[in-house]
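**Q** Take this structure first; my questions come after.
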Amino acid sequence: MVWQGTRNTEQSHKRYFHLSNAVVIFCDISGFQGLNLRYGDESTFTIVTTLFSKFERIARFYHVHPVKTNGDQFIGLCLNSFAEGPFITQPEIEQKQKGSERALLFAKSMLSISSEHVHLTNLNCGLRIGIAQGNVLLSESLLNAGAIDIWGNTVNRAAMLERHTQVNSTALDKRAMASLPCVQSVELNETPLNTKIGTVTAYCYQHVKAPSPSNIDIKNILGKAANDSTTTCRPCMTGKYRVYH
């Protein structure tokens, strides 16, 4: 990963960083409007925030950085290097596992959690997840002091893949798929997605609820994340570094 701090001449009080080879994860709840109509605003808020809090704990286990939530959307960022850039992480993290690999494992875990969520399954709701790898511009949030935001074509591509993949599936772009180990890439099916910019080739993982060798042990992961007191999942930016509090 390569980064550099740059002053924005139009808004000099804001800082941004260029990240290369980052992995962006977009997750959206399909059928959210029906969920809101069925349970009402307050109950839906509780359902979604409880679900996303589990996602944050899972993210900690896979060293995915939660960027923000936007209604029924969860956005995360995964880096391919822990040694460089404006991020402080644990030195003992296993660095051999690539960002795309951890992103896909994180996506599988989110799909497993949602597939067992009674409020979602009762209304045939599910997740759509898009994963893209490439250059990302990371900045301080323009509206939320201390928070961060991400920008660029990689972010747009992840959002597009999420929007057009099937429910309960994860769509990866070519670059993210190419960096996966063979044991994971064989689980993906090359799939044409019809988008506003034309047909786009994606590599999709379809979640199957039935037990299989690739299933994720969610309870074990949640337990390990809960016992890990070295990091929490609320990011902010201080100077050149992202810190956790």
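**Q** Only one of (1) open to solvent by 60 Å² or more (accessible area, probe 1.4 Å); (2) under 24 Å from T165 (Cα atoms); (3) under 13 Å from the mean Cα position of the chain (by Cα) is not met by Q33, so which one is it?
**A** (3)
**Q** Only one of N135, N153 is polar (S, T, N, Q), under 23 Å from Y203 (Cα atoms) and free of Cβ contacts under 8 Å to residues at least 24 places away in the same chain; which? Let's see the steps before the verdict.
**A** On the way: N135 fails: free of Cβ contacts under 8 Å to residues at least 24 places away in the same chain.
From the options N135, N153, the qualifying one is N153.
**Q** Still on this model: Give the residues of the range 192-205 that are surrounded by fewer than 18 Cβ atoms within 10 Å (Cβ to Cβ) and touching an Asp or Glu at 6+ places or on another chain (Cβ under 7 Å), sorted by residue number. Quick ask: steps written out before the conclusion?
**A** Pass one, the range 192-205, residues surrounded by fewer than 18 Cβ atoms within 10 Å (Cβ to Cβ): 192, 194-199, 201.
The one that is surrounded by fewer than 18 Cβ atoms within 10 Å (Cβ to Cβ) and touching an Asp or Glu at 6+ places or on another chain (Cβ under 7 Å): T201.
**Q** Mind listing whichever residues of the range 54-71 are under 21 Å from N122 (Cα atoms) and open to solvent by 30 Å² or more (accessible area, probe 1.4 Å)? Spell out the reasoning first.
**A** The first filter runs over the range 54-71 and keeps only residues under 21 Å from N122 (Cα atoms), leaving 54-55, 71.
K54, G71 - these are the residues of the range 54-71 that are under 21 Å from N122 (Cα atoms) and open to solvent by 30 Å² or more (accessible area, probe 1.4 Å).
**Q** Give me a count of the residues in the range 96-125 that are within 22 Å of F32 (Cβ to Cβ), touching a helix residue (DSSP H, G or I) at 6+ places or on another chain (Cβ under 6 Å) and open to solvent by less than 20 Å² (accessible area, probe 1.4 Å). Let's see the steps before the verdict.
**A** First, the residues of the range 96-125 that are within 22 Å of F32 (Cβ to Cβ): 106-125.
This time we only want the ones that are touching a helix residue (DSSP H, G or I) at 6+ places or on another chain (Cβ under 6 Å), so: 106, 109-110, 112-114, 119-120, 123, 125.
Still in the list and also open to solvent by less than 20 Å² (accessible area, probe 1.4 Å): 106, 109-110, 112-114, 120, 125.
Looking only at that region, the number is 8.
**Q** So S179 passes all but one of these: (1) closer than 18 Å to F106 by Cα; (2) open to solvent by 30 Å² or more (accessible area, probe 1.4 Å). Which condition number does it fail?
**A** (2)
**Q** Given R7, R38, which one is open to solvent by 70 Å² or more (accessible area, probe 1.4 Å) and modelled with pLDDT under 75?
**A** Numbers: R38 fails: modelled with pLDDT under 75.
Only one candidate qualifies: R7.
**Q** Kindly indicate which of V155, V208 is at pLDDT 90 or above and either within 28 Å of L35 (Cα to Cα) or open to solvent by less than 30 Å² (accessible area, probe 1.4 Å) (or both). Working first, answer last.
**A** On the way: V208 fails: at pLDDT 90 or above.
Every option except V155 fails the conditions.
The values are calculated or read from the model by the stated rules, or taken from the named source; none is laboratory data. Every value quoted in this text rests on a predicted model; they were computed, and no experiment measured them. Neighbour counts run over all protein chains shown; Cβ positions are idealised from the backbone, glycine included. Just the protein is used for accessible areas: all its heavy atoms, side chains included, with ligands, DNA and RNA removed. Shrake-Rupley method; radii C 1.70, N 1.55, O 1.52, S 1.80 Å.
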